[in-house]
1. Restricting the search to the range 401-448, which residues are over 21 Å from LEU342 (Cα atoms) and assigned to a loop (DSSP other than H, G, I, E, B)?
2. Of the residues ASN340, ASN305, which is touching a residue at least 40 places away in the same chain (Cβ under 8 Å), surrounded by fewer than 21 Cβ atoms within 10 Å (Cβ to Cβ) and outside any strand (DSSP E or B)?
3. Which condition breaks for GLY13 when tested against (1) at pLDDT 95 or above; (2) surrounded by fewer than 22 Cβ atoms within 10 Å (Cβ to Cβ)?
4. Considering SER315, SER336, SER364, which residue is closer than 29 Å to ALA402 by Cβ, touching a Gly at 6+ places or on another chain (Cβ under 9 Å) and of a type in the set (S, T, N, Q)?
5. Give just the number: which of (1) free of Cβ contacts under 8 Å to residues at least 40 places away in the same chain; (2) surrounded by 17 or more Cβ atoms within 10 Å (Cβ to Cβ); (3) not basic (Lys, Arg) does VAL84 not satisfy?
Amino acid sequence: MTAQQMRAVIVGGGIAGLTAAYRLRAEATRSGVPLDVVLVEASDRLGGVISTETFEGAVIENGPDSFITTKPAALLLCGELGLVRNLVETNNQFRRAFIAFRNKLHPLPEGFFMLAPSQMLPLLQSPLFSPLGKMRMMLDVVLPAKPDAGDESLASFVKRRLGKEVLDRVAQPMMAGIYTADPEKLSLRSTMPQFLQYEADYGSVIVGLQEQRKKADRCESSFGTNDMTARDSGARYSMFATLDSGMGLLVSALAERIGTDKIRLKSRVEGLRRDRDRWIVNLDEGETLEADVLILAVPAHKCANLLHGVDPQLSNSLAGIEYASSMVLNMVYKRSDIANALDGFGFVVPAVEHRNIIACSYSSIKFPHRAPEGMATLRVFLGGALRPEITTLSEPEVVSLAQRDLRHYLGIKAQPIWYKLARWAESMPQYEVGHAARVDQIMHAVHNLPGLYLAGNAYSGVGIPDCIKGGENVARAALERLHTLVPG
């Protein structure tokens, strides 16, 4: 680094850190800012929870297998990186999901979106709900809207508007598939604020969803609908896309643009401190990096440890964000060994069913060309906030528990051809009631530490597009600061 050159250090090589590093380098080059970008990652690989591998032609995703398209950040980044030709949408032929209920798999009623229905006939015909449960759901249309009294848990909102059956049989397992969270603690405002808006605007969640469906009918995108209410059973799936060779392609494309000489793997940050207007980053190998801007793109609890000596109050606020651990078990079978028709994208399992798994995704059905002819790949999810004890079991124990449930629901008696268990310890932040206020407090404290920025899934969204957007936002804010530091 020359005397005139400035430096940006990004700690964390997940999708948020990679995006921030890429955007910093690209925009600094474009605007003529002399900037040295260094990305530091403690592990021996990039991508964080994004991890793709192959087995005999089958694409195996050990972490997220796709991203939502209604939030444009991921699509736009893929376009910028030249990956548009690699985008793949979900399989139109089997675009539906199932719910495990009373030991059987039942299709989620068409038009049912996460927490509530937007179509009445499919709901009335569904065996998922009792007659009383359906009547209770319909009361949402006439119940008065609750005055805004601050944050509310997802469980409280669903029970208040739609009834306990909806919470237990659909809302809880569907949300568990996204947040691996306890709905009694999960903040609706920080996760599904549109439902609060439906209540405020229409006095009814059901009416709000119906109005959004009408808008969706008038405005379709190439990857489904432009709104979060798709036509399909299990509507989330119609809004998802992936990359043909797996999500790891996005990681490698970003790394290539950043430059391997700017990425330092197996380099752990041991401490941070400020020296006048610069940040001092101490690495475990004894090296010290000076930085004009510092982006921490690691989990909040790791940020808390690093910042404890800098701002104890900020550290405590970061440490207050709870995390859950989860596991993804990929299993490859002969298709002939699976009795179930696999005529959907997968199923979720409500906690009230007292099973071992949270959900199962039919990977080779959900996306085309994910497994060779005659083979099928399944992704099983376990653990989360409601079943943390499962994450402590040995690999053979976890596989046995998963096989027990797959035998019950899918009729699989044979052993898999191959399997891979990925453990993601403390990887999923829990957006509990009051999360938004906590994040505001954190960002206010960060604002008082010039040159420091936070990114990642702990703050304003857990999905890949959210993390990409967060990485881009902090990169732009960092560049604004750097512009003020350029001599002359």
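1. GLN430, TYR431, VAL433, GLY434, ASN448
2. Numbers: ASN305 fails: touching a residue at least 40 places away in the same chain (Cβ under 8 Å).
On inspection, the qualifying residue turns out to be ASN340.
3. Evaluating GLY13 over (1) at pLDDT 95 or above; (2) surrounded by fewer than 22 Cβ atoms within 10 Å (Cβ to Cβ) leaves (2) as the failure.
4. SER336 is the lone residue from the list that is closer than 29 Å to ALA402 by Cβ, touching a Gly at 6+ places or on another chain (Cβ under 9 Å) and of a type in the set (S, T, N, Q).
5. Checking VAL84 against (1) free of Cβ contacts under 8 Å to residues at least 40 places away in the same chain; (2) surrounded by 17 or more Cβ atoms within 10 Å (Cβ to Cβ); (3) not basic (Lys, Arg), the one that fails is (2).
Conditions (1) crowded, with 17+ Cβ neighbours inside 10 Å; (2) modelled with pLDDT of 95 or more; (3) closer than 30 Å to VAL11 by Cα, marked per residue:
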{"residue": "GLU184", "(1), (2), (3)": "no, yes, no"}
{"residue": "SER187", "(1), (2), (3)": "yes, yes, yes"}
{"residue": "ALA216", "(1), (2), (3)": "yes, no, no"}
{"residue": "CYS219", "(1), (2), (3)": "no, no, no"}
{"residue": "TYR237", "(1), (2), (3)": "yes, no, no"}
{"residue": "ALA255", "(1), (2), (3)": "yes, yes, yes"}
{"residue": "LYS266", "(1), (2), (3)": "no, yes, yes"}
{"residue": "TRP279", "(1), (2), (3)": "yes, yes, yes"}
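Listed here are the residues, each with its yes/no results for (1) modelled with pLDDT under 95; (2) assigned to a helix (DSSP H, G or I).
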{"site": "ARG30", "(1), (2)": "yes, yes"}
{"site": "LEU39", "(1), (2)": "no, no"}
{"site": "SER43", "(1), (2)": "no, no"}
{"site": "VAL88", "(1), (2)": "yes, no"}
{"site": "GLN93", "(1), (2)": "yes, yes"}
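This table checks each residue for (1) assigned to a loop (DSSP other than H, G, I, E, B); (2) of a type in the set (Ser, Thr, Tyr); (3) over 18 Å from ALA478 (Cβ atoms); (4) not assigned by TED's automatic domain parsing to the domain that holds GLY470.
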| site | (1), (2), (3), (4) |
| --- | --- |
| ALA20 | no, no, no, no |
| GLU27 | no, no, no, no |
| GLU53 | no, no, yes, yes |
| ILE60 | no, no, yes, yes |
| PRO64 | yes, no, yes, yes |
| GLY82 | yes, no, yes, yes |
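The values are calculated or read from the model by the stated rules, or taken from the named source; none is laboratory data. Predicted, not measured: the structure shown is a model, and the values here were computed from it. Here Cβ is always computed from backbone atoms with ideal geometry, including for glycine, and neighbour counts include all displayed protein chains.
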